[in-house]
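Remarks on the structure that follows.
The values are calculated or read from the model by the stated rules, or taken from the named source; none is laboratory data. Not measured: the values here are computed from a predicted model. Glycine also receives a Cβ, built like all others from the backbone with ideal geometry; neighbour counts cover every protein chain displayed.
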Amino acid sequence: MDENEIMLPADKSSASEEVKYENVFRRGIIENPKEKLLAQHRLWLATIQHEYPMPYVPYKIGVYIRFFNQTQYSDEVYLSKHKQWFLDDIALCPRWTLVDFYIDYGSRAPHMESSKEWCRLLEDCLSGSVNLIVTQKAGNISDDPQELTLISRLLAAQTPPVAIYFISEDIFTLASYYREDMTDRDMLPDGWQVLPDDELDAPLIEGNHMPQLSVEEENTLQEGGNHAGVDS
């Protein structure tokens with residue numbers, strides 16, 4: 001055997017249990033499992049025919065912009081150019097209507113409730129004024145995948161459903177391959193039904209007082225009150 005040849009142990013048990021199947025050179029690096037899932041999803045997206053908002057569907061569009069200017073142009077000029085790109089695209093589709101531009105400022109999205117224009121856009125979606133949100137990238141709305149998933153599903157559950165299209169990621173939340181996820185109701189068992197109203201529901205719904213108690217019930221409550229706060 002060549003004296004310069006690296007000797008590899010035939011028995012893997014010679015490695016300690018905690019690093020036997022680990023890349024020891026990266027053991028100090030904490031991997032983000034969400035990034036791995038996102039990478040897998042991107043690979044899957046690359047294998048399918050993408051769906052996107054079709055020009056023949058009469059969309060009422062809300063364009064969401066997170067504005068942060070790092071160009072040589074002034075804020076006014078750059079924002080005007082940014083808006084014009086969307087105006088030119090929407091003008092190509094006669095059945096599409098631009099409802100409004102919704103513009104929050106800053107390079108990164110804070111929590112959704114802190115983005116005033118995003119909240120205004122959601123209100124317009126819930127009122128039926130907007131049924132398609134278009135924005136450049138998912139990070140404009142939130143950096144939290146769970147938050148993005150939650151709001152996408154809430155909008156998809158509206159009647160009629162509201163879609164989001166992320167241009168950079170080429171993700172359309174009402175695409176057929178997302179539809180099952182968007183409408184998943186597995187938390188409710190099969191055959192689940194709303195419970196019927198009982199005698200206590202009507203007064204609460206109608207804003208009236210609680211039902212009149214019987215004499216026995218009043219006496220029981222009074223006896224309980226008389227004993228309240230008395231040490232045994």
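Here's the yes/no breakdown for (1) surrounded by 14 or more Cβ atoms within 10 Å (Cβ to Cβ); (2) at pLDDT below 90; (3) over 20 Å from Asp89 (Cα atoms); (4) not hydrophobic (A, V, I, L, M, F, W, C):
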{"site": "Val134", "(1), (2), (3), (4)": "yes, no, no, no"}
{"site": "Gln146", "(1), (2), (3), (4)": "no, yes, yes, yes"}
{"site": "Ser152", "(1), (2), (3), (4)": "yes, no, yes, yes"}
{"site": "Leu155", "(1), (2), (3), (4)": "yes, no, yes, no"}
{"site": "Thr159", "(1), (2), (3), (4)": "no, no, yes, yes"}
{"site": "Phe166", "(1), (2), (3), (4)": "yes, no, no, no"}
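Of everything in region 112-121 that's in contact (Cβ under 8 Å) with a residue 12 or more places away in the chain and surrounded by fewer than 21 Cβ atoms within 10 Å (Cβ to Cβ), which residue is nearest to Lys83 (Cα to Cα)?
Once the filter is applied, the top-ranked residue is Glu117.
Any idea how many residues of region 129-165 are touching a residue at least 24 places away in the same chain (Cβ under 8 Å) and assigned to a loop (DSSP other than H, G, I, E, B)?
Number of matching residues: 13.
Please specify each residue of region 46-64 satisfying the condition of being farther than 15 Å from Ile90 by Cα and touching a strand residue (DSSP E or B) at 6+ places or on another chain (Cβ under 8 Å).
Within region 46-64, His50, Glu51 meet the criteria.
Would you say Leu213 is modelled with pLDDT under 90 and either surrounded by fewer than 11 Cβ atoms within 10 Å (Cβ to Cβ) or touching a strand residue (DSSP E or B) at 6+ places or on another chain (Cβ under 6 Å) (or both)?
Judged against the criteria, Leu213 is not a match.
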